Each structure stands twice: as C-alpha cells, then as structure tokens.
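What follows is a set of notes on a single structure, which appears directly below.
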Number of protein chains: 2
Amino acid sequence: MKDVVGSPGTKTGLILRIGQCGFATASIALMVCAAGFSNYTAFCYLIASMGLQMLWSFGLACLDVYALRIKRDLQSPVLVSLFVVGDWVTATLSLAAACSSAGIVVLYSKDLSFCISENLPCGKYQLSVTFAFITWFLIALSSHLMFWILASV
Amino acid sequence: MKDVVGSPGTKTGLILRIGQCGFATASIALMVCAAGFSNYTAFCYLIASMGLQMLWSFGLACLDVYALRIKRDLQSPVLVSLFVVGDWVTATLSLAAACSSAGIVVLYSKDLSFCISENLPCGKYQLSVTFAFITWFLIALSSHLMFWILASV
C-alpha cells in the first residue's frame, strides 16, 4: 500500500481526525446555544449528523494514537475498506445535513427576511452551518485518501 | 486499466449517463411547472445544478455513443482524470442542491405546515427533489466507478 499523507496510523491522519472532531463539536455547540433550533427538522438532523461524525472521527483519532504509540501499521485491506465505507457514509450525511440547514438559513435570512422580523439567532445558525461545511470538507478529504489507498492495492 | 461495468465508452456507461440526464431533466421540468419556485434561492439553485448535471451527462452520453460507433477506447488516464473531476464536482453540487431544497420542502410541509395554509404546490416540489436525489445517486455511482478505474492504473 502507498504511504499517503493523511493515511490511518500517521501523524497527519491524526491531525485530520482531530480537526473533523473539533469542527463537528463546535457546530453542535453553536446550534444547541441558538434558541428555537428544535422547531426545525433540518437543524435537529444537523446535530444528529454532526454527533455521528464526532463519534466516528473521535474513534479513529483514538485508533491513530494507539497505532502511533505501539508503531502498528493500520493499512490492512480489511481495515481500510471499513474506513472507506464509514468515511463515505459520514461525509455524505454531513454534506446533506449542512446543505439542508444552509437552505433554511438562506431562506430565512435572504428570501423571507425572517431573521430581523422574527428575531431569530441567524448569526449562530450561519456559524454552525459554516463549521458543518468545514467538517464535511475535512471528512471528504479523508474519504478520498482512503479510497485512493484502497484502490492502489 | 480494468474494464468495469459502467466505465466510459461501454453500453452500461451510456445507460448510466442517459439515466442521469433523464432524471435531471424531469427534476427541472417539475420544478419549473410548480408555481412560485422563483421566490426561493434553494429551488433556483436546484434548477441551475440540475441544468449543469444535464449538460455534463448529455455531453458524456454523446461521447459514449461516438466511442461505441467507432469502437474507440476512452479509458486513457488523461480522459478518466477529467471524468473523475467533472463527476465529483457535479455529484457534490447535485447533492447540495437536492438537500437544500429538501430542507425547505420538509420545513414547509412538516415544521410550518405552510403547504395547506399557503396553498403551495408541495407535491411538485417533493417529486422534483426526489428526482434530484435519484440523479445524485446515479452520478455518485459514476463518480466512484471513475475514481476506481483511475486509481487502478
């Protein structure tokens, strides 16, 4: 297998996982702090999806730390296949959650101008969605790297 | 290069492209027929994204027909790289458009119950979004096949 930057069991891989976990946590925290989020299905889905992403990335970060400490190679075809499927599923769910929430934020702030008239915390919604997009970008990066490693066998 | 089902210049590849083109066209047609779609940024973005998808898939379907007629092999690394990038970009844009529109459809039909009170054509919106999701599924399939072919070089 090729030793690519960001592959599992490397320092760059660990940094990527910590980044995903951090941005997903920030997205959840901001959305939970924004009043009235629970009235919207898309925002609840964003929290669920980012929660799943956080757990997945945290688990893989722990695995990376373990592999780095005992210097074990994590790049077996079975393990990488598992990472590919998991990364692809969580990446798709994260993008779907970020986009559906972004659709509502744009609707409220631009199309209907509800943010001012209904006094909604749109700033927090926007920041949460931005963090969700950054999380998606990082997990998409991981996902493509894993797929590349698997296909190069 | 491996000869995978659905790869460029094959009959299955052509069927996949025609499917993408057809569902994208159906999604645009339904959305354009639904009254008041132009008031929503997400629905306009859905039309733009499905339009791009339609053009891309139609172009590649024409290329497949040409390759099948003169029995030319389309699987050169440069061409496949171009297909990978194009497929990935259009797949991401299609999913983003489908999800942002789905966010608004769910908000209107479930969270706010605007469909009945405001007399909106939610049935058409829903069907258009469903077709957009089918388009995304087909283009994601193509995208992964192309990536697999490229990485197997």
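Odds and ends about this structure:
- Net charge in the neighbourhood of A:L68 (other residues with Cβ under 13 Å of its Cβ; Lys, Arg +1, Asp, Glu -1) is +3.
- Lysine pair number, Cα distance threshold 24 Å (strictly under), chain A, separation 8 or more or different chains: 4
- Ligands, DNA and RNA aside, B:K124 has an accessible area near 90 Å² when probed at 1.4 Å.
- Net +/- balance of residues flanking A:G36 in space, Cβ distance below 15 Å, scoring K and R +1, D and E -1: -1
- Residue by residue along A:140-146, Cβ atoms of other protein chains within 10 Å of the local Cβ number 1 on average.
- Peptide B:109-115, shielding by other chains (average Cβ, 10 Å cutoff): 2
- Listed residues A:A140, A:A102, A:A29, most fluctuating in chain A (Gaussian network, C-alpha, under 10 Å): A:A29
- Length, then width, then depth: along the principal axes, the Cα atoms of the protein assembly as shown run 58, 57, 22 Å.
- With every protein chain in place, region B:9-120: carbon and sulfur % of accessible area (1.4 Å): 73
- Accessible area per residue was computed with a 1.4 Å probe on protein heavy atoms; A:I18 scores about 100 Å².
- Chain A: most fluctuating residue of A:S38, A:S143, A:S94 per GNM, C-alpha cutoff 10 Å: A:S38
- Solvent-accessible area of A:R72 with every protein chain in place, 1.4 Å probe, in Å² to the nearest 10: 130
- Pseudo-label separations to other copies for B:I70 - Cα-to-Cβ vector, 7 Å, nm: 5.9
- Taking the inverse of the mean reciprocal distance over all distinct Cα pairs, the Kirkwood hydrodynamic radius of chain B comes to 16.1 Å.
- For B:V85, the distances from its label point to the matching points in the remaining copies are 3.3 nm, ordered from shortest, with each point set 7 Å beyond Cα toward Cβ.
- Considering only B:L60, B:L112, B:L52, the mean-square fluctuation computed in a Gaussian network model of chain B, springs between alpha carbons under 10 angstrom, is largest for B:L112.
The values are calculated or read from the model by the stated rules, or taken from the named source; none is laboratory data. Just so we're clear, the structure is a prediction, and the values are computed from it rather than from any experiment. Every residue, glycine as well, gets a Cβ built from its backbone with ideal geometry; the counts of neighbours run over all protein chains shown. Heads up: the accessible areas ignore ligands, DNA and RNA and are worked out on the full protein's heavy atoms, side chains in. Shrake-Rupley method; radii C 1.70, N 1.55, O 1.52, S 1.80 Å.
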